[in-house]
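Asks: Starting off with a structure, shown below.
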There are 2 protein chains.
Amino acid sequence: MTRNELINLIREKQSFLCIGLDTDLNKIPPHLLETEDPVFEFNKAIIDATNELAVAYKPNLAFYESMGIKGWTSLAKTEQYLRQFNVFTIADAKRGDIGNTSKQYAKAMFDPDSGFDFDAVTAAPYMGEDSVKPFLDFEGKWVILLALTSNKGSDDFQMLTLGKSGFNLYEEVIIKSLEWGTESDMMYVIGATKAEKLEKIRNMIPDHFLLVPGVGAQGGSLKEVAKYGMNQDCGLLVNSSRGIIYASHGKDFADKAREESKKIQEEMAVYLSNC
Amino acid sequence: MTRNELINLIREKQSFLCIGLDTDLNKIPPHLLETEDPVFEFNKAIIDATNELAVAYKPNLAFYESMGIKGWTSLAKTEQYLRQFNVFTIADAKRGDIGNTSKQYAKAMFDPDSGFDFDAVTAAPYMGEDSVKPFLDFEGKWVILLALTSNKGSDDFQMLTLGKSGFNLYEEVIIKSLEWGTESDMMYVIGATKAEKLEKIRNMIPDHFLLVPGVGAQGGSLKEVAKYGMNQDCGLLVNSSRGIIYASHGKDFADKAREESKKIQEEMAVYLSNC
């Protein structure tokens with residue numbers, strides 16, 4: 001999906017909601033456990049109930065990997081199911097390795113012959129340029145680079161101040177990586193719990209999309225994120241996982257997921273009217 | 001495997017060789033492509049031919065993921081096959097995410113119910129403490145944290161100097177992470193191409209094991225690594241991937257892999273006599 005297509009999708013749906021598919025067998029409604037592929041059945045029901053309200057879906061690969069080959073199969077079916085909808089799909093994988101290895105990770109996420117045809121993958125910056133570039137070699141695909149994450153551990157290294165430039169490490173990651181890609185193939189992960197930093201970040205990268213996790217269960221505020229993070233094209237994908245997909249643990253889980261999504265989408269529509 | 005068991009294994013085999021299973025369908029001998037699971041057949045032959053000479057095996061997950069469910073199946077069979085040998089097994093996955101997600105990645109690599117029972121996993125430090133700790137919660141398992149990697153991109157962030165401490169980022173990663181684990185459950189990745197840094201690193205972490213990739217195809221020197229990196233318990237696992245597994249592309253590939261491994265093991269035995 002191109003940048004313009006994504007922007008049009010946001011305008012059309014009046015939403016910049018990304019739904020995180022962190023699907024966990026221990027948390028899905030018990031009646032689904034009797035089906036052949038409970039994880040896929042759960043995802044399918046969530047997607048069916050919410051696809052008019054969300055512009056993006058983000059399966060979190062850890063949750064599928066922890067179920068071994070069965071989980072990998074559920075993920076493949078989910079990604080294939082998503083292809084029929086007009087949505088942006090993100091493999092939340094946080095991958096990154098030396099060049100010839102990252103090339104294989106890129107193939108895994110972006111080459112349909114491997115089973116996956118995601119629009120984007122999240123990547124970790126620690127290993128530098130040659131660990132990220134192979135993802136950018138796939139035409140029409142996106143890298144979403146970790147910059148400032150939503151967790152407590154983000155203070156350990158991301159917030160450290162560098163000697164020469166005086167930048168925090170996460171700022172240096174943003175600045176350096178601007179040499180690798182453009183606003184048409186790179187986004188950045190900025191945690192909603194760090195909304196106060198968004199204004200400064202917007203000055204550094206006015207045109208890039210930001211993927212913002214941490215609204216909901218992790219405590220970030222959508223209002224703050226929209227206030228400081230939005231640009232003229234919206235420029236935001238705000239993710240909610242647990243707050244939507246586990247809104248109910250009963251048979252009404254999909255309806256409740258739709259209700260939660262609808263609440264968020266309606267709030268987003270208000271903020272979009274200002275951009 | 002415990003630290004003592006690993007040290008005994010190194011003494012017994014007179015080797016600190018780790019063989020990287022970066023198995024690529026485009027590089028394995030063509031006659032294997034006719035078998036039902038060429039990747040597993042290749043790995044099995046390599047393991048059979050080299051397990052007396054190597055103390056560790058390190059499948060690189062990217063190469064399996066890029067083959068989708070088939071690749072994941074080959075990886076599971078490979079890990080299960082390795083269980084019969086007295087070797088240390090490393091999932092080279094470079095994982096790391098917020099706490100509840102890293103817990104799922106840990107389960108994927110360390111909980112046999114998921115299919116995998118690796119001894120260790122490589123992890124990326126960018127997201128800090130709560131992204132690494134869940135791996136350490138698995139008794140008897142190891143985290144191998146990226147510190148200073150062997151690729152060109154390691155200069156981009158790992159070598160940056162921090163303002164307050166004056167340390168390079170990779171040094172700060174080592175120092176900070178000493179609060180998270182011990183020499184009995186943590187190791188560090190230090191690229192062989194950075195052998196000149198090993199002396200300084202040894203002063204910081206005299207007792208920790210180091211996983212050293214980059215000997216062979218990437219140009220690092222085993223002699224230099226042993227000279228500057230070895231401690232009284234050896235303290236090194238030196239990895240070679242392409243130089244061993246693709247030593248021949250013909251039907252003699254396993255024999256040639258053994259020959260290459262033997263050469264390296266014999267050189268290692270000389271260095272071990274000094275420690």
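Asks: Roughly how crowded by other chains is peptide B:67-77, in terms of the mean Cβ count from those chains within 10 Å of each of its Cβ atoms?
Replies: Details: counts 6, 12, 8, 3, 5, 7, 3, 0, 2, 2, 0.
Whole-number average of other-chain Cβ neighbours for B:67-77 is 4.
Asks: Mind listing the long-range amide H neighbours of B:LEU178? Cut-off is under 5 Å, sequence gap 5 or more, other chains count too, H placed in the peptide plane at 1.01 Å from N.
Replies: none
Asks: Here's something else I'd like to know. For region A:143-275, state the average projected area of the convex hull of the C-alpha atoms over all orientations, rounded to one decimal in nm². Can you show the working numbers first?
Replies: Working: hull surface 34.7 nm².
With the hull built on Cα positions only, its mean projection is 8.7 nm².
Asks: Using packing as a proxy for protection, rank B:16-26, A:23-33 so that the peptide with the highest average count of other Cβ atoms within 10 Å comes first. Before the final figure, lay out each step's value.
Replies: Working: B:16-26: 22.8, A:23-33: 15.1.
Ranked from most to least packed, the peptides come out as B:16-26, A:23-33.
Asks: Another question about this same structure. For the protein assembly as shown, count all C-alpha to C-alpha pairs, find those more than 40 Å apart, and express that count as a whole percent of the total. List each step's numbers first, then the result.
Replies: Numbers: 34141 of 150975 pairs.
In whole percent, the share of Cα-Cα pairs in the protein assembly as shown beyond 40 Å is 23.
Asks: Follow-up. Cross-link partners among lysines for A:LYS262, C-alpha distance below 25 Å, same-chain residues fewer than 8 apart left out?
Replies: By straight Cα distance, A:LYS262 reaches A:LYS13, A:LYS27, A:LYS44, A:LYS58, A:LYS194, A:LYS223, A:LYS227, A:LYS251.
Asks: Normalising by the residue count of chain B, find the relative contact order in percent from Cα pairs under 8 Å and 6+ residues apart. Could the numbers behind the result be given before it?
Replies: Values: 513 pairs, mean separation 58.3, N = 275.
This gives 21 percent for chain B.
Asks: Right, next: Just need the Rg to Rh number for region A:1-102, please, alpha carbons only, Kirkwood Rh. All intermediate terms of the calculation are to be shown ahead of the outcome.
Replies: Values: Rg = 14.8 Å, Rh = 14.6 Å.
The Rg/Rh ratio comes out at 1.01.
Asks: While we're looking at this one, here's another question. Can you give the mean number of other chain Cβ atoms that lie within 10 Å of the Cβ atoms in peptide A:238-247?
Replies: Values: counts 0, 0, 0, 2, 1, 0, 0, 0, 0, 0.
Per residue, the average neighbour count from other chains is 0.
Asks: Could you tell me which trypsin sites (Lys or Arg not before Pro) in region B:115-194 are loop residues by DSSP with no more than 15 other beta carbons within 10 angstrom of their beta carbon? Intermediate results must be reported in sequence, preceding the final value.
Replies: Values: sites: B:LYS141, B:LYS152, B:LYS164, B:LYS176, B:LYS194; in loops: B:LYS141, B:LYS164.
Listed in order of number, the matching sites are B:LYS164.
Asks: Shortest first and in nm with one decimal, please list how far the A:LEU25 label point sits from its counterparts in the other copies (point 7 Å along Cα→Cβ).
Replies: List, nearest first: 2.8 nm.
Asks: Also: Along Cα→Cβ at 7 Å, what distances in nm separate the A:SER248 label point from those on the other copies, shortest first?
Replies: Result for A:SER248, in nm, nearest copy first: 6.6.
Asks: Using the Karplus curve 6.51 cos²θ - 1.76 cosθ + 1.60 with θ = phi - 60°, what ³J(HN,Hα) values do you get for each residue of region B:10-19, in whole Hz, with x for Gly and Pro?
Replies: 4, 5, 5, 8, 6, 7, 10, 7, 10, 9
Asks: Using only the alpha-carbon atoms, what does region A:3-272 span along each of its principal axes? Please give whole angstrom values in decreasing order.
Replies: On the principal axes, region A:3-272 reaches 59, 43, 35 Å in Cα extent.
Asks: Highest GNM mean-square fluctuation, chain B, Cα pairs closer than 10 Å: which of B:GLY68, B:GLY235, B:GLY219?
Replies: The residue with the greatest mean-square fluctuation here is B:GLY68.
Asks: Oh, and also: Quick query: amide H of A:VAL215 versus all other amide H atoms, modeled in the peptide plane; which residues come in under 5 Å with a sequence gap of 5 or more or a different chain?
Replies: A:ALA192, A:GLY220, A:ASN239
Asks: If you don't mind, there's one more thing I want to ask. Net charge around B:ASN168, counting only other residues with Cβ within less than 14 Å of its Cβ (Lys, Arg = +1; Asp, Glu = -1)? Write down the numbers at each step before the final one.
Replies: Values: positive: A:LYS164, B:LYS164, B:LYS176, B:LYS194, B:LYS197, B:LYS200; negative: A:GLU172, B:ASP155, B:ASP156, B:GLU171, B:GLU172, B:GLU196.
That sum, taken over residues with Cβ under 14 Å, equals 0.
Asks: If you put a point 7 Å past Cα along the Cβ direction, how far is that point for A:MET159 from the same point in each other copy, in nm, smallest first?
Replies: 2.9
Asks: Give me, ordered by chain and number, the residues 5 or more places off A:ASP97 or on other chains with an amide H under 5 Å from its own placed amide H.
Replies: Amide H to amide H, under 5 Å and 5 or more residues apart or across chains, A:ASP97 pairs with A:SER102.
Asks: Write out the GluC sites (Glu not before Pro) in region B:1-47 meeting two conditions: DSSP loop, and at most 13 other Cβ atoms within 10 Å of their Cβ. Mind dumping the intermediate values first?
Replies: Numbers: sites: B:GLU5, B:GLU12, B:GLU34, B:GLU36, B:GLU41; in loops: B:GLU36.
Hits after loop and neighbour filter: B:GLU36.
Asks: So, how do all the Cα-to-Cα distances of region A:89-129 break down into 10 Å bins, in percent, from 0 on up?
Replies: 32, 56, 12
Read-outs throughout are calculated quantities, based only on the coordinates presented, and are distinct from any laboratory measurement. Everything numeric in this text was worked out from a predicted model, so none of it was measured. Every residue, glycine as well, gets a Cβ built from its backbone with ideal geometry; the counts of neighbours run over all protein chains shown.
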